[in-house]
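A.B. asks: The following block contains the structure, expressed as structure tokens.
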Amino acid sequence: MRRKSSLLACLVSILAVTASHAQTGQPVSAAPSAATSITATPITVTVDATDAPRKMLHAHLTIPVQPGDVTLLYPKWIPGEHEPSGPIDNLAGLVIQANGQTLTWVRDSLNMFAIRLHVPAGVTVLDVRDDFLATAAATGFSAGASTSDNLAMISWNEVMLYPQGKIAADIPVTASVTLPDGWQFGTALTPTGHEGNTTHFATVSLEQLIDSPLLSGRYFKEIPLAPEVTPKHYLDLAADGPEDLALRPETVTAFNNLVREAGALYASRHYTSYHFLVTLSDQVAHFGLEHHQSSDDRVREKTFLQPDLLLLEGDLLPHEYTHSWNGKYRRPEGLLSPDYQTPMRGDLLWVYEGLTEYLGGVLATRSGIWTEQEYHEELADTAAMLNARPGRAWRNLQDTATAAQILYETSDQWDNWRRSVDFYPEGQMLWLDVDTVIRKQSHDKKSIDDFCARFHGLGGNTAPKVVPYTFDDIVSNLNAVQPYDWADFLHERLDRKIPHAPMGGIEQGGYQLVLTDTPNSMMRASETLHGVNSWYSLGLLVNHKGVLRDVLMDSVAYKAGLGPGMKIVAVNSRAFTDDRLHEAIRDSKGSKSPMQLIVENTGYFRVVNIDYHGGERYPALQRVSSTPDLLDEILTPRTTAPKN
Ligand SMILES: [Zn+2]
């Protein structure tokens, strides 16, 4: 999964296992093919999405049962979201019938996700109707806003109930969907037939159904990618308007290359086909959620038309695609929740998300979505942000992963002191460090690509399945690629409270982090979207209205008494604009007088003097010529792409 971070305009699913404590390194589930081995009568679910434009999905389920006391469950721990985020609050209109009679149900008083009822003698199937109210704000993850007048992203977990006592891999489901007139769709599910606006899909396990969302819309386009590659890949787009679907040829070429480069990196594919399900909309939540054979990528409407937006989102699709190998096929033991009720453990999210963050950026660059320079810029911004992170004093990297389930939904305010989900960006730096150590120690004979081919390519091409791993598996696979004291290396970076970001990868890569007076293109794009970034000068992130998005602890702004949520009304006696604040920071250099701000806080005004004279400061990577340019080697494409 991917979310936006507070600093950069830079900014996840489970196929269950058939054994709860499997031998690591051994496949324990064969997800889609497992469906064919399921002999039980399937649950059926039909989603009527014709009311999606007014934010409601209607579902009709039939659930095979035995007479007696039955508990129906609603998915709670959503795969890839790493937290108990199942949107039970938006389930409405639940009516359960059998043989034409309405049955009485009660909610468990402790588990809000459990519905209890008594099934009378002679009843073998429940007839269930429920609605999903797609009314959430455009924040959050898959349960966030997902529909508009012209499109809908259907996540099956939103409407599903299933009997307690079985794991999702063992519950067969036959799904159908009814769409508004003229709407098309993309999904990893296999259609088996159509009746009017209703499409039926092949029976799959509940785990595969929830792992296979369906993107639909009036303005819809499917672009086959890298046609010479098998299995097949598709870019499925649903947009707010028809004009949003006109991708530039070079963008399509880069996504073609992404498919090729991923194949070269992972030396395997673990899906029967892959669909990038991209929602181009200003009406929905913006994030990415991985699945085994698809990804739910929700970005702004004009992402493929405005270079700034594409730059800022450039690694989203590579990130979610990487999860098909790193997160879906290979998954930390603790992140398995075979019944969506078993709590997840986030302790290895620095691999699941951190390594994905690293490889996603590398693949974005090898594919040509980003240039090498743009990769450098993103890395500089990430390194600088982590380097100026006061929360490092009290919270180690490991705790950001262990506590992930309480950190995803936190406020951006005082994020630098809280630290939030730092295992993403700091994981990126940690794995760059690993990559450069392998390259140095092996005298350039090995790299993290060898680790990926071994770890993610285990077993070669396979159908979707889960092969769990532990910390020790990571260490042993690294050692098999390049012997080193990897356990100590990792513990040092995970468990210690280190005041500065792990800069080893940048330094061994042939660069150093510096501050300059000019924003790079990534930072400029971020400022255009979010407002002034004076984090490395004043210690402020300021939106276009003058509101302080966050204040860096111990910065000059912090020492002057500023806090997040306050609003800058005037800069040196003139009304606030982005340009005036930039100008005041630039002019501080060489000036002896302090910058004067008029600030409003909860209806009260005051004058704040900031005695700062350093001018503008932005992060950049600077080449260190005495060290080989390993970054260049890392970012060089592995494939020679056909010209399309
Ligand atoms: Zn992710």
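The values are calculated or read from the model by the stated rules, or taken from the named source; none is laboratory data. Treat the numbers as computed from the prediction; the structure is a model and nothing was measured. Note: ideal-geometry Cβ built from the backbone for every residue, glycine included; neighbour counts use all protein chains shown. Accessible surface areas use protein heavy atoms only, side chains included; no ligands, DNA or RNA. Shrake-Rupley method; radii C 1.70, N 1.55, O 1.52, S 1.80 Å.
A.B. asks: Considering every residue within region 295-314, establish whether at least one is within 11 Å of the ligand (Cβ to nearest atom) and outside any strand (DSSP E or B).
C.D. replies: no
A.B. asks: Please go through region 508-528 and give me each residue that is at negative phi and either polar (S, T, N, Q) or in a loop (DSSP other than H, G, I, E, B) (or both), ordered by number.
C.D. replies: Those that are at negative phi and either polar (S, T, N, Q) or in a loop (DSSP other than H, G, I, E, B) (or both): Gln508, Gly509, Gln512, Thr516, Asp517, Thr518, Pro519, Asn520, Ser521, Ser526, Thr528.
A.B. asks: Pick out the one residue from Leu548, Leu631, Leu581, Leu621 that is part of a strand (DSSP E or B), modelled with pLDDT of 95 or more and open to solvent by less than 30 Å² (accessible area, probe 1.4 Å).
C.D. replies: Leu548
So that you can scan it fast, the table gives a plain yes or no per residue for (1) under 20 Å from His58 (Cβ atoms); (2) within 28 Å of the chain's Cα centre (by Cα):
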{"position": "Asp149", "(1), (2)": "yes, yes"}
{"position": "Ser155", "(1), (2)": "yes, yes"}
{"position": "Met160", "(1), (2)": "yes, yes"}
{"position": "Asp181", "(1), (2)": "yes, no"}
{"position": "Gly186", "(1), (2)": "no, yes"}
{"position": "His194", "(1), (2)": "yes, no"}
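A.B. asks: Would you point out which residue out of Arg107, Arg116 is in contact with a Ser or Thr (Cβ under 6 Å, 6 or more places away or on another chain) and among the basic types (Lys, Arg)?
C.D. replies: One residue alone meets the criteria, Arg116.
A.B. asks: I've got another one for you. Check Leu215 against each of (1) open to solvent by less than 10 Å² (accessible area, probe 1.4 Å); (2) within 16 Å of the ligand (Cβ to nearest atom) and name the one condition it does not meet.
C.D. replies: (2)
A.B. asks: What are the residues in region 465-502 that are in a helix (DSSP H, G or I) and either open to solvent by less than 50 Å² (accessible area, probe 1.4 Å) or touching a strand residue (DSSP E or B) at 6+ places or on another chain (Cβ under 8 Å) (or both), if any?
C.D. replies: Result: Phe471, Asp473, Ile474, Val475, Asn477, Leu478, Val481, Trp486, Ala487, Phe489, Leu490, Leu494.
A.B. asks: Okay, next question. Hey, could you check region 151-175 for residues that are assigned to a strand (DSSP E or B) and open to solvent by 10 Å² or more (accessible area, probe 1.4 Å) and say which is farthest from Gln341 (Cα to Cα)?
C.D. replies: Among residues in region 151-175 that are assigned to a strand (DSSP E or B) and open to solvent by 10 Å² or more (accessible area, probe 1.4 Å), the one farthest from Gln341 (Cα to Cα) is Thr174.
A.B. asks: Separate question: Val252 is checked against (1) within 16 Å of the ligand (Cβ to nearest atom); (2) surrounded by fewer than 23 Cβ atoms within 10 Å (Cβ to Cβ); (3) modelled with pLDDT of 95 or more and fails just one. What number does that condition carry?
C.D. replies: Answer for Val252: the failing condition is (1).
A.B. asks: Taking the criterion of being within 16 Å of Tyr340 (Cα to Cα) and either open to solvent by less than 30 Å² (accessible area, probe 1.4 Å) or modelled with pLDDT under 95 (or both), would at least one residue in region 100-110 satisfy it?
C.D. replies: Within region 100-110 (the criterion being within 16 Å of Tyr340 (Cα to Cα) and either open to solvent by less than 30 Å² (accessible area, probe 1.4 Å) or modelled with pLDDT under 95 (or both)), the answer is no, since none of the residues qualifies.
A.B. asks: Need the failing condition index for Gly505 against (1) in contact with a helix residue (DSSP H, G or I) (Cβ under 6 Å, 6 or more places away or on another chain); (2) part of a loop (DSSP other than H, G, I, E, B), just the number.
C.D. replies: If we test Gly505 against (1) in contact with a helix residue (DSSP H, G or I) (Cβ under 6 Å, 6 or more places away or on another chain); (2) part of a loop (DSSP other than H, G, I, E, B), just (2) comes out false.
A.B. asks: Also, quick follow-up: Can you tell me which residue is farthest from the ligand (Cβ to nearest atom) among those in region 367-381 that are farther than 17 Å from Pro318 by Cα and open to solvent by less than 10 Å² (accessible area, probe 1.4 Å)?
C.D. replies: Here the residue is Ala380.
A.B. asks: If Ile63 satisfies every condition in (1) more than 26 Å from Pro343 (Cα to Cα); (2) in contact with a Leu (Cβ under 6 Å, 6 or more places away or on another chain); (3) among the aliphatic types (A, V, I, L, M) but one, which is the exception?
C.D. replies: (1)
A.B. asks: Looking only at region 278-294, count every residue that is within 15 Å of the ligand (Cβ to nearest atom) and assigned to a strand (DSSP E or B) and tell me the total.
C.D. replies: 5
A.B. asks: Being closer than 26 Å to Tyr511 by Cβ and among the hydrophobic types (A, V, I, L, M, F, W, C) narrows it down to one residue among Trp394, Trp414, Trp370; which is it?
C.D. replies: Trp370
A.B. asks: Does any residue of region 587-608 turn out to be in contact with a Gly (Cβ under 7 Å, 6 or more places away or on another chain) and in a strand (DSSP E or B)?
C.D. replies: yes
A.B. asks: Could you tell me which numbered condition Ala384 fails, if it satisfies all but one of (1) within 24 Å of Leu478 (Cα to Cα); (2) in a helix (DSSP H, G or I); (3) open to solvent by less than 10 Å² (accessible area, probe 1.4 Å)?
C.D. replies: Only one criterion is unmet by Ala384, namely (1).
A.B. asks: Out of region 235-276, which residues are within 20 Å of Ala463 (Cβ to Cβ) and either not in a helix (DSSP H, G or I) or not aliphatic (A, V, I, L, M) (or both)?
C.D. replies: Passing the criteria: Gly263, Tyr266, Ala267, Ser268, Arg269, His270, Tyr271, Thr272, Ser273, Tyr274, His275, Phe276.
A.B. asks: Say whether the condition of being more than 30 Å from Arg439 (Cα to Cα), open to solvent by less than 10 Å² (accessible area, probe 1.4 Å), charged (D, E, K, R) and at pLDDT 95 or above is met by at least one residue in region 588-602.
C.D. replies: No, the conditions are met nowhere in region 588-602.
A.B. asks: Looking at region 195-212, which of its residues are open to solvent by 30 Å² or more (accessible area, probe 1.4 Å) and farther than 23 Å from Leu245 by Cβ?
C.D. replies: Those that are open to solvent by 30 Å² or more (accessible area, probe 1.4 Å) and farther than 23 Å from Leu245 by Cβ: Glu195, Gly196, His200, Ala202, Thr203.
A.B. asks: Just to be sure I understand, how many residues within region 315-361 are touching a strand residue (DSSP E or B) at 6+ places or on another chain (Cβ under 7 Å), within 15 Å of Pro468 (Cβ to Cβ), within 11 Å of the ligand (Cβ to nearest atom) and part of a helix (DSSP H, G or I)?
C.D. replies: Final tally of qualifying residues: 1.
A.B. asks: Which one of these does Ala364 not meet: (1) surrounded by fewer than 24 Cβ atoms within 10 Å (Cβ to Cβ); (2) part of a helix (DSSP H, G or I); (3) within 16 Å of the ligand (Cβ to nearest atom); (4) not β-branched (Val, Ile, Thr)?
C.D. replies: Only one criterion is unmet by Ala364, namely (1).
A.B. asks: On to the next question. Within region 393-426, work out how many residues are under 20 Å from Thr139 (Cβ atoms), within 16 Å of the ligand (Cβ to nearest atom) and in a helix (DSSP H, G or I).
C.D. replies: 3
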